1. Roughly how many percent of the accessible protein surface of segment 253-346 is carbon and sulfur, given a 1.4 Å probe and a whole-percent answer?
2. Let's test the formula: R0 of 56 Å, r as the Cβ-Cβ distance of Phe185 and Glu277. What FRET efficiency results, to the nearest 0.05?
3. In whole angstrom, how long is each semi-axis of the equivalent ellipsoid of segment 291-390, when you take the square root of 5 times every eigenvalue of its Cα gyration tensor and sort them from largest down?
4. Whole percent per 10 Å bin, from 0 to the bin with the longest distance: what is P(r) over all C-alpha pairs of the chain?
5. Based on alpha-carbon positions alone, could you give the equivalent ellipsoid semi-axes of segment 58-162 from the gyration tensor, as √(5λ), descending, whole Å?
6. How large is ³J(HN,Hα), in whole Hz, for each residue of segment 65-81 in order, when computed from phi with the Karplus curve 6.51 cos²θ - 1.76 cosθ + 1.60 and θ = phi - 60°, using x for Gly and Pro?
7. If you wrap segment 344-395's Cα atoms in a convex hull and average its projection over all directions, what's the area in nm²?
8. So which trypsin sites (Lys or Arg not before Pro) in segment 322-371 end up in coil per DSSP with only 15 or fewer other C-beta atoms within 10 Å?
Amino acid sequence: MNTLAHRRRSGGGALLRIVLWLIVLVVLAWLATFALGRGGGDAAATLPMPTDAQIKQGEYLARLGDCAACHTAPGGKAFAGGLPIASPIGTIFSTNITPDPKTGIGSYTYGQFERAVRRGIKPSGQTMYPAMPFPSFSRVSDQDIQALYAYFMRGVTPVEQDNLPNRIHWPLSMRWPLTYWRWLFAPKVEPMQVAMSQHPVLARGEYLVEGLGHCGACHTPRAFTLQERSLGNSPLFLSGGESDNWVAPSLRGEPASGLGSVTDAELVTVLKSGRSERSAIFGSMYDVVEHSTQFMSDDDLTAVATFLKSLTPSRQETPVTYDQATRDALFAGKVSAPGAQLYIDNCATCHRTDGHGYGYVYPALAGNPIINGDDPRSVIRLVLHGGTMPSGRDAPSQFSMPAFRDRLTDHEVAEILTFVRSSWGNRGGVVDAQLVAHMRGLPPAGEPMMTGYDPRAGRPGATPATQH
């Protein structure tokens, strides 16, 4: 018995030693972030008084960087922060980046601003959450960072508004481990250089897409440690990702699910106006067009399109060829195919029986890259919750997709989308009703349903659809 008790005491002592060693290692790791986590740059660096031209250039660059989309809450003042950003570890609220010295960035030196934007380091030395796309901004030139600083200090109205606390549970709320994330995954600050052999338009497009445009933040897949799996020069770059339960499609040259079937001119039109002859912007790209791309110069829009169209496919696909069989069947009143009658009742008025829609108003479903992608979550969400296209340059009108979640069951939504994804030559595949049920439980925060636009939804005696 004494031997057994001795063994128990010995085992308990070993466990205690392990716990103590773990505590020591954590403390040492924490201290290392102070000793080694400076991150480069000169926090004390200053700039001379900016010129009016520099401030104006900074305003344009802030448009290119889409700063307003994240740092302006719905109904809030410009750049005052407070927008909730969903992340796998919790909700992160954007910060006040107006020049208010108390609650904003008004007391930042140029060096502190540069370290925050390009290195993800706060004036306190803490590392920012990568919701701030500082890995992309590490490619931005010194001249452009200086112009941005001039604009935010001299061209933005100060707003006194305290930052909201993030909703991240401990221990993930601890900041110091982010220093190790930055060491491992954030690139060095190396502004992009134009190769002598590179065409200037292509080089400009690459600079905008990989830098201030930070397109990869949504359109590049991420690893389980949340870093973008590529920041350029890889088939993974811009090969498709996700953001807030929206699927961000590939911006590479896949002919079915990417930009392979989209012309340079069509891409410029979509970025400028939020729509084209056969497509329309929805979801997270609404903010991109609303706050950023519609303000880009024609030269920069052309450069972006030129660069994106230069990207080779990340996977092999055959082009989608239009098949008239579905159009002929629907036109003849043959609706025996699963989902055909539901499509006629709910979708054909806008998207037509031939799947071509109406140019610049209701997008085509036939050959649509979103319809032909492997992941149907975006179209499920759009059918359930509805959406409105942005008003862009040269296209001030807005058209809405009504929400169908109160009228259609999960099975009916799945049946309609399976029909759409397999008609007119589309080959997107089957949609599962269980996935629809999951997406039904994820209403877009802060976005009203569009059901009110559909007169049938409010007809007398109507009852909500029964969920399956």
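The values are calculated or read from the model by the stated rules, or taken from the named source; none is laboratory data. Note that the coordinates shown come from a computational prediction; the quantities given were computed from them, not determined experimentally. Quick reminder, even Gly has a Cβ in these numbers, built from the backbone with ideal geometry, and neighbours come from all protein chains shown. Accessible surface is based on the protein model in full, side chains and every heavy atom, while ligands, DNA and RNA are left aside. Shrake-Rupley method; radii C 1.70, N 1.55, O 1.52, S 1.80 Å.
1. Details: 2420 of 4350 Å².
Whole-percent figure for carbon plus sulfur exposure: 56.
2. Numbers: r = 40 Å, r/R0 = 0.72.
E(calc), rounded to 0.05, equals 0.90.
3. Values: eigenvalues 187, 65, 38 Å².
Working through the eigenvalues yields semi-axes of 31, 18, 14 Å.
4. Binned Cα distances yield the sequence 4, 17, 27, 23, 15, 8, 4, 2, 0, 0.
5. Numbers: eigenvalues 69, 57, 37 Å².
Over the Cα atoms of segment 58-162, the semi-axes work out to 19, 17, 14 Å.
6. Values, residue by residue: x, 6, 4, 5, 4, 8, 9, 10, 7, x, x, x, 7, 4, 6, 7, x Hz.
7. Values: hull surface 17.2 nm².
Seen from a random direction, the Cα hull of segment 344-395 projects 4.3 nm² on average.
8. Working: sites: Arg327, Lys334, Arg352; in loops: Lys334, Arg352.
Those that pass, being in a loop and sparsely packed, are Lys334.
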